[in-house]
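Reviewing the structure listed below.
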Amino acid sequence: MRLISALALCCAVSTAAAQDVATAERYAVIPRPVVLTPAAGAFTLNATTVVQASPAFRAVARRFVRDIANPTGFDLRVTPLGAAGGIRLRQVPGLANEAYQLDVTARGIEVRASTAAGAFYALETVKQLLPPAIYRDAPLAGVLWRVPAVHIEDAPRFSWRGSHLDVARHFMPKEYVKKHIDLLARHKFNRFHWHLTEDQGWRIAIRKYPRLTEVGACREQTLVGPYVSDPAKQVFDGKRHCGFYTQEDVREIVAYAAERHITVVPEIEMPGHAQAAVHAYPFLSSLRDSVPTPGVMQVWGVSPWILNPSDRSVAFMQDVLTEVLELFPSPWIHIGGDEAIKDQWKASPDVQARITALGLKDEHEMQSWFIRQMDTFLTQRGRRLIGWDEILEGGLAENATVMSWRGMAGGIAAAKAGHDVVMAPGSHTYFDHYQSQDKTREPLAIGGFTNVEKVYGFEPVPTELTPAEAKHILGAQAQLWTEYMPNPKHVEYMAYPRLVALTEVLWSPASRRDYADFLQRLPVHLRRLDALDVNYRRLDEGRVQ
Ligand code: TNX
């Protein structure tokens, strides 16, 4: 008798568990929605399905139709709102920006949102409810395009959900930048931070200063293997590495991102990480004219070459920003500010005289003065300066937003001082770190260890903040520094599936975050990444990490 009831219990439990798994697979939506209530039945999409849309959602409807045309072979009609049935995108007042509601029944799919972004995210969710083959580029015969019945209410937790990409250490072709953006949108990210200038290469054409790309976009060769500081031990590949985006390319990419509800935040590094710029325009150097400029940097690590803080340099960088503002509608413009080694400023009589003349205390205040010139310039033009947390040193510019990379401390200080913050701590969001503790199993990386589980456990709002201060945490983003990522396939290997974990951190309510549940949905999601031809890192599946 006892045995029988124990058996019954065991099997009831495992049946329930099996059902949970089946439900998780059937509704494998990532990031996990705020409310998801499964229902019986399904809607099946076919060649005659009509997509009805409010005027404000027409463009979103057409994008969806184009997006699913190849895998399904359907060319769905988009019409104004009419009778029930098919797919209906209805604009309603009262829902938050980016929020949506979705009802799927056997009769049709009903989407409600107040913004086009909300409608767009609803349709991204619909694609995730369809078979993973919906993400293929080529048609697949014999698939039933079924969407399981469901009620969903959804809205993001954070307004800044981003990924950065360093295209300066290794240039990434325009087509890949687009693919990166497209994948971000499919994961409901809404910020692409484009790291465009570095010691190792300047990658955006500036009309007024053509030498920035004529000279600054090429390095003669690149260090091979891990960074070693001793020049005698450095080995080089002997190959020129070049690449930049024309202003036409930039416009194309910004428009491509906007169609996907992604803001492109450009980064122009100053006053450090500027060796390529100094080499292209030697008057930017902090050393006297008699000291030759260094060439475009060929190794990794931090360069000592730093812009001199003269009026001429300030005007030069503001000219650069003028063209950047024409190209990028982003409310935020990133001016870098990190890792600006002050040795050349300390050694330069001109810079020392400048510090004295401006009544500044030291080199940190000098940097802060420099950044303030950019803050005023951007603020006057209706934009907001954003910079790495070093911009806190020597006094934070009045309107600055801080990107906290050296842990969370910079972000906490900035939020307490009333500034907006984007969290980007090395510990959880540096996707140039190893994905395994056994480094022999992984391609060469910069160091560290950040696996999917660690990313999933990241909490962007530090407990040190009061609720009012916590409102300044706009969100967080991943960093893809490419010293050790020579090509797009390698970037994908480092980015995925860690970005999949990060989107759930940034979109879903903290109370809905559940790693075990995520792991049930993830395998289905990896099939989507297969269909999208993403070179993601395979899961460890029981092996030592
Ligand atoms: C620090 S994060 C940097 C980058 C490097 C990165 C490598 C930051 C603002 N600066 O220049 O690529 O570390 O992890």
> Any idea which residue in the stretch 384-427 is surrounded by the fewest Cβ atoms within 10 Å (Cβ to Cβ), counting only those that are among the acidic types (Asp, Glu) and more than 12 Å from the ligand (Cβ to nearest atom)?
Replying inline: 398
> Given the structure, is residue 257 crowded, with 21+ Cβ neighbours inside 10 Å and more than 30 Å from residue 127 (Cα to Cα)?
Replying inline: no
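Residue-by-condition table, conditions (1) within 18 Å of residue 162 (Cβ to Cβ); (2) within 13 Å of the ligand (Cβ to nearest atom); (3) part of a loop (DSSP other than H, G, I, E, B); (4) not basic (Lys, Arg):
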residue	(1), (2), (3), (4)
437	no, no, yes, yes
445	no, yes, yes, yes
460	yes, no, yes, yes
463	no, no, yes, yes
>> So residue 329 passes all but one of these: (1) free of Cβ contacts under 8 Å to residues at least 24 places away in the same chain; (2) exposed (fewer than 14 other Cβ atoms within 10 Å of the Cβ). Which condition number does it fail?
In response: (1)
> Out of the stretch 103-122, which residues are of a type in the set (A, V, I, L, M) and either surrounded by fewer than 24 Cβ atoms within 10 Å (Cβ to Cβ) or in contact with a Pro (Cβ under 8 Å, 6 or more places away or on another chain) (or both)?
Replying inline: 104, 106, 116, 117
>> With over 28 Å from the mean Cα position of the chain (by Cα) and in contact (Cβ under 8 Å) with a residue 60 or more places away in the chain as the only criterion, which of 139, 80, 93, 132 stands out?
In response: 139
> Which of the residues spanning the stretch 57-73 are in contact with a strand residue (DSSP E or B) (Cβ under 8 Å, 6 or more places away or on another chain) and either of a type outside the set (Gly, Ala, Ser) or surrounded by fewer than 16 Cβ atoms within 10 Å (Cβ to Cβ) (or both)?
Replying inline: 57, 58, 60, 62, 64, 65
>> residue 168 - would you say it is under 22 Å from the mean Cα position of the chain (by Cα) and within 16 Å of the ligand (Cβ to nearest atom)?
In response: yes
>> Can you pull out every residue in the stretch 493-516 that is loosely packed, with under 15 Cβ neighbours inside 10 Å, of a type outside the set (Gly, Ala, Ser) and assigned to a helix (DSSP H, G or I)?
In response: 515
> Which one of 276, 280 is away from the ligand (no atom under 16 Å from the Cβ), crowded, with 16+ Cβ neighbours inside 10 Å and over 30 Å from residue 116 (Cα atoms)?
Replying inline: 280
> Do you know which residues across the stretch 302-317 are hydroxyl-bearing (Ser, Thr, Tyr) and either on the phi > 0 side of the Ramachandran plot or within 16 Å of the ligand (Cβ to nearest atom) (or both)?
Replying inline: 303
>> Could you go through the stretch 141-162 and let me know if any residue there is of a type in the set (A, V, I, L, M), within 16 Å of the ligand (Cβ to nearest atom) and assigned to a strand (DSSP E or B).
In response: no
> Looking at the stretch 361-376, is at least one residue among the hydroxyl-bearing types (Ser, Thr, Tyr), surrounded by 14 or more Cβ atoms within 10 Å (Cβ to Cβ) and away from the ligand (no atom under 16 Å from the Cβ)?
Replying inline: yes
> Would you pick out the residues in the stretch 268-301 that are over 30 Å from the mean Cα position of the chain (by Cα) and at positive phi?
Replying inline: 295
> What is the residue count in the stretch 318-340 for residues that are on the phi > 0 side of the Ramachandran plot and assigned to a helix (DSSP H, G or I)?
Replying inline: 0
> Mind checking which residues of the stretch 498-511 are within 18 Å of residue 24 (Cα to Cα) and touching a Leu at 6+ places or on another chain (Cβ under 9 Å)?
Replying inline: 500, 501, 503
> Right, residue 265: within 15 Å of the ligand (Cβ to nearest atom), within 17 Å of the chain's Cα centre (by Cα) and either modelled with pLDDT of 95 or more or assigned by TED's automatic domain parsing to the domain that holds residue 203 (or both) or not?
Replying inline: yes
>> Among the residues of the stretch 481-492, what is the count of those that are surrounded by fewer than 24 Cβ atoms within 10 Å (Cβ to Cβ) and within 16 Å of the ligand (Cβ to nearest atom)?
In response: 6
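The values are calculated or read from the model by the stated rules, or taken from the named source; none is laboratory data. Every value quoted in this text rests on a predicted model; they were computed, and no experiment measured them. Quick reminder, even Gly has a Cβ in these numbers, built from the backbone with ideal geometry, and neighbours come from all protein chains shown.
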